[in-house]
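Each value in this text was obtained by applying a stated rule to the coordinates, not by laboratory testing. This structure is a prediction, so every number in the text was calculated from the model and none was measured.
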C-alpha cells in the first residue's frame, strides 16, 4: 500500500472516530447546578398547547415532569463552554418548540400546556 493511501485511510479513520466521540461524549458532560423543567397545575381559560399525544422521545423532559409526583423533570447540566447544547437535547429546546407551535400559549419564561383536561405552566428552572 502506498504511503499516500495509508495516510488517507488513517485520516478518514480519525475523522470517523472524532465524529463518533462528538455524538456520544456531550451527553456525558455536565457541570454546574442542573436545570429542571417544571410543570405546575394552574387554573386558566387561556390558550394552551395540547400535549396529550406528545412522544417521550421528542419531549423527554416534558413527559417526565408531567408524570412525576413533584412536577419536575430529570436534571440537565450544561457542558463546559456551551458545547453540550449543540449536540444534545435540552429542556430549553422543548419550551421553544412548544412556544413556536402555539405562540399564544407562551407566557413569561414558560408556556401553558394542556394534558388530560388539566392546564400546566411549564418552565425551565434552576434551583
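Details
- Whole-Å distance, taken between Cα centres, linking the stretch 97-127 and the stretch 39-74: 8
- Three-way shape call for the stretch 30-125 based on the alpha-carbon gyration tensor, with the a/c threshold at 1.5: prolate
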